[in-house]
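What follows is calculated from the coordinates using simple rules that are stated; it is not laboratory data. Remember, it's a predicted structure, so these values are computed and weren't measured experimentally. Every residue, glycine as well, gets a Cβ built from its backbone with ideal geometry; the counts of neighbours run over all protein chains shown.
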Amino acid sequence: METVILAVVIAVVVLGALGGLVIGSRRKKSLPPPPPAAPDITAPPAEPHVGDEAETPRDEARRTIEEVDLPDGSAPVVVEEPAAPEIEIPEPTAGRLVRLRARLSRSQNALGKGLLTLLSREHLDDETWEEIEDTLLTADVGVQPTTELVDRLRERVKVLGTRTPDELRGLLREELLKLVGTDADRTVKTEPADRKPGIVMVVGVNGTGKTTTTGKLARVLVADGRTVVLGAADTFRAAAADQLQTWGERVGAYTVRGPEAGDPASVAFDAVKEGKEMGVDVVLIDTAGRLHTKTGLMDELGKVKRVVEKHAPLDEVLLVLDATTGQNGLVQARVFAEVVDITGIVLTKLDGTAKGGIVIAVQRELGVPVKLIGLGEGADDLAPFEPEAFVDALIGD
């Protein structure tokens with residue numbers, strides 16, 4: 001019993017000693033430093049809110065509403081109307097091709113200079129004459145006209161004997177003029193003797209510059225003192241009517257148009273009717289650029305012609321051809337000639353090709369003259385066709 005009591009006393013003493021050691025060790029550990037005091041921070045100025053002044057208000061004299069002069073409403077309110085488009089004065093047509101001759105000659109010298117170079121050779125053997133034929137065919141003169149020209153040149157050169165450059169140039173000029181033709185009437189018929197207005201229909205496939213040519217032709221007529229109404233009967237091509245109307249506004253010509261994809265014959269009919277009521281000199285009708293391989297579209301073109309002729313006969317049907325298309329243009333010409341009676345040809349883009357012989361070929365194909373040629377992108381680059389000026393540009397000075 002005494003032993004048990006002694007063991008308990010020893011255990012209590014040991015536990016007390018251990019507790020004292022733990023408490024003493026904790027007291028010896030350093031406490032963490034106190035947190036630093038918060039620094040004094042100067043707050044930034046508050047951002048202005050909606051309605052606040054941008055700066056500190058200053059004391060200043062202010063007027064009351066009674067002291068402010070208010071308008072009494074007696075002055076009229078002026079409303080500015082949009083300015084009308086400025087009417088341009090087109091370049092006169094007389095001698096226009098002569099003025100554009102330099103541009104034409106730059107693109108056509110390959111034909112004229114090529115022929116003169118070959119003809120200037122000391123000995124004109126069969127091989128040289130074949131080269132002359134190739135030069136003419138490459139320039140789209142056509143097989144039959146080329147054969148005729150070479151035969152005549154061979155005969156005249158043989159008779160001539162000695163050939164100076166001036167003699168060769170004169171010889172070539174005479175023969176080319178015979179092929180181009182100087183006797184044809186190349187006037188665009190816009191002044192019928194018994195009525196007004198003259199009616200001109202412009203036809204051709206897409207991409208030949210047909211709508212642009214119609215607008216430029218309006219400028220040619222206005223430059224000659226004529227009044228014009230434009231009929232935007234190309235209702236199938238997007239923005240064709242807008243394009244034509246822009247051309248008309250530049251020279252003060254009124255444009256008759258219809259809804260997109262509407263009946264082109266109806267637009268053409270209304271254009272002639274409007275032209276009559278306005279008493280203008282000429283009505284120009286721009287038709288859709290129909291593909292010559294689509295019979296239905298060609299039939300529609302024939303319908304436009306028939307509907308217009310309920311007012312009066314057509315005075316001109318101008319076929320617009322791209323001079324760069326060469327023989328393909330002749331295929332187009334044949335098909336159009338079967339649908340409508342072509343009375344004249346307009347050759348566009350003649351400034352960008354050395355194939356001036358297309359003038360000869362297309363006249364032979366259709367039996368109608370070239371009446372107008374396009375020599376660039378400028379507004380006044382459409383010129384009446386003058387055979388002498390054209391041939392002179394071909395062979396150079």
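One table, with the values for the structure above:
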read-out	value
Fully extended contour minus Cα-Cα distance, from Ile87 to Glu130, at 0.36 nm per residue	10.1 nm
Projected label distance in nm at Thr246 and Val335, using a 7 Å step from Cα toward the beta-carbon	2.8
Radius ratio Rg over Rh of the range 274-375, counting only Cα atoms, Kirkwood formula for Rh	1.00
At R0 = 22 Å, FRET efficiency that the Cβ-Cβ distance of Arg163 and Glu388 yields, to 0.05	0.45
Mean Cβ count within 10 Å, highest first, over the residues of peptides 211-219, 89-97	211-219, 89-97
Segments 196-209, 123-136 sorted - mean Cβ within 10 Å per residue, highest first	196-209, 123-136
Segment Glu377-Glu277, length gained on full extension (0.36 nm per residue, minus Cα span)	32.6 nm
Furthest towards positive pole of dipole, Leu347, Gln327, Val391, structure part the range 295-397, Cβ charges	Gln327
Tensor-based shape of the range 179-309 (alpha-carbon gyration tensor, a/c under 1.5 rounded, otherwise prolate or oblate)	rounded
Under 25 Å from the Cα of Lys178 - lysines, other chains or at least 8 residues apart	Lys113, Lys158, Lys189, Lys349, Lys355, Lys371
